[in-house]
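J.: Here it is, the structure, as structure tokens.
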Amino acid sequence: MDVPLHHVLPAPAHSTTPSAAYAAPLGRRSDRPWVGLCMVVSIDGSTVVDGASAGLSSDNDFAVLIQLRSIADVILVGAGTVASEGYGPPKTPGQRVAVVTRGGSVDTSSELFTSGAGFVITTESATFEERGVDVIRVGSDEVDLDAAIPLIPSVCPGATFVQAEGGATLNGALAAADLVDEMNITTSPAIVGGDGSRLVAGAPDLGQRFDLEQMVIDGESFVFSRWIRRRTSP
């Protein structure tokens, strides 16, 4: 459902919709797929309520997620999030889902994999039942995402835009490797408390800067922001 939003940046007082506001990635790269991070977060920084993101979301947030998924070639997601959020085959024709796991704890008998949409990014030492699933193995004990992202087109020919959807530990690994090119963040107008994960977890201290490219709000006080990594070279 394309519910109207209200532009704050770059054009104040300009009405828009999720499909228009998120019509394309903020950029492209020549050396590897462009990586965008899409997450919803509470005012106090939590990405979950009772272990899942649904309690923070809204119709507009869901519309933004669906729009970004529609323009992505690959969805990148951690194995834990696949299990907790119940990921199945994507609705966008030809789209694939890359499941990241260090130890190989992936149910390759699920519909995500039996449909042919899912593939695995894991370590060289991980053991699991592949069942004909495409696998990218990088790193001995830890997944080397810096090596993995450029290899995605080897199993997804022509892939130029990868959307990362968490969880927080995967976000932290992507940030630590400086692989996040854009961030599409929905701020939910709620404080949830608890000890839920932050947007980025497990990363070392980082000094990465992003520039705000767009910000819109809706009638329920959800804030939708788009940020692009500040780089001196592609």
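J.: Just to be sure before I move on: is Pro90 free of Cβ contacts under 8 Å to residues at least 40 places away in the same chain and surrounded by 14 or more Cβ atoms within 10 Å (Cβ to Cβ) in the structure I sent?
T.: yes
J.: Which residues, counting only those in the stretch 167-193, are touching a residue at least 60 places away in the same chain (Cβ under 8 Å), of a type in the set (Asp, Glu) and more than 19 Å from Ala72 (Cβ to Cβ)?
T.: Of everything in the stretch 167-193, nothing turns out to be touching a residue at least 60 places away in the same chain (Cβ under 8 Å), of a type in the set (Asp, Glu) and more than 19 Å from Ala72 (Cβ to Cβ).
J.: Specify which of the listed residues (Asp211, Asp178) is of a type in the set (Asp, Glu), at positive phi and either at pLDDT 95 or above or not in a loop (DSSP other than H, G, I, E, B) (or both).
T.: That would be Asp178, the only listed residue that is of a type in the set (Asp, Glu), at positive phi and either at pLDDT 95 or above or not in a loop (DSSP other than H, G, I, E, B) (or both).
Condition check ((1) among the small types (Gly, Ala, Ser); (2) farther than 17 Å from Asp73 by Cβ) across all residues:
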residue: Val99; (1), (2): no, no
residue: Ser109; (1), (2): yes, yes
residue: Thr122; (1), (2): no, yes
residue: Ser125; (1), (2): yes, yes
residue: Glu129; (1), (2): no, yes
residue: Gly132; (1), (2): yes, yes
residue: Gly139; (1), (2): yes, yes
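J.: Mind checking which residues of the stretch 144-163 are over 22 Å from Gly116 (Cβ atoms) and part of a loop (DSSP other than H, G, I, E, B)?
T.: Asp144
J.: Name the residue that is farthest from Val8 (Cα to Cα), counting only residues in the stretch 214-230 that are of a type in the set (A, V, I, L, M, F, W, C) and part of a strand (DSSP E or B).
T.: Ile228
J.: Hey, which of the helices (runs of 4 or more DSSP H) in the stretch 1-85, taking only ones fully inside, have at least 2 residues that are of a type outside the set (Phe, Trp, Tyr) and modelled with pLDDT of 95 or more?
T.: The helices (runs of 4 or more DSSP H) meeting that bar are 59-71.
J.: Could you please give the count of residues in the stretch 173-200 that are over 24 Å from Ala63 (Cα atoms) and in contact with a Leu (Cβ under 9 Å, 6 or more places away or on another chain)?
T.: Residues that pass the stated criteria total 7.
J.: Can you say whether Val135 is more than 10 Å from the chain's Cα centre (by Cα) and either within 13 Å of Cys38 (Cα to Cα) or aliphatic (A, V, I, L, M) (or both), as far as the supplied structure shows?
T.: Criteria met by Val135.
J.: Which residue out of Gly139, Gly104, Gly166, Gly116 is touching a Cys at 6+ places or on another chain (Cβ under 9 Å) and either assigned to a loop (DSSP other than H, G, I, E, B) or among the charged types (D, E, K, R) (or both)?
T.: Answer to the check: Gly166.
J.: Of (1) buried (at least 16 other Cβ atoms within 10 Å of the Cβ); (2) closer than 23 Å to Ile152 by Cβ; (3) polar (S, T, N, Q), Asn60 satisfies all except one. Which?
T.: Result: Asn60 passes all but (2).
J.: Same structure again: Looking at the structure I just gave you, is Asp218 farther than 17 Å from Trp34 by Cα and in contact with a strand residue (DSSP E or B) (Cβ under 7 Å, 6 or more places away or on another chain)?
T.: Taking the combined requirement at face value, the residue satisfies it.
J.: If you scan the stretch 86-97, which residues turn out to be farther than 27 Å from Thr16 by Cβ and either among the charged types (D, E, K, R) or assigned to a helix (DSSP H, G or I) (or both)?
T.: Arg96
J.: Another question about this same structure. Considering only residues of the stretch 126-144 that are under 12 Å from Thr101 (Cβ atoms) and surrounded by fewer than 13 Cβ atoms within 10 Å (Cβ to Cβ), which is modelled with the highest pLDDT?
T.: Glu142
J.: Which of the residues belonging to the stretch 99-116 are surrounded by 19 or more Cβ atoms within 10 Å (Cβ to Cβ) and touching an Asp or Glu at 6+ places or on another chain (Cβ under 9 Å)?
T.: Answer for the stretch 99-116, where residues must be surrounded by 19 or more Cβ atoms within 10 Å (Cβ to Cβ) and touching an Asp or Glu at 6+ places or on another chain (Cβ under 9 Å): Val106, Thr108, Phe113.
The values are calculated or read from the model by the stated rules, or taken from the named source; none is laboratory data. Model, not experiment: these values are computed from the prediction. So basically every Cβ, Gly included, is an ideal-geometry build from the backbone, and we count neighbours across all protein chains shown.
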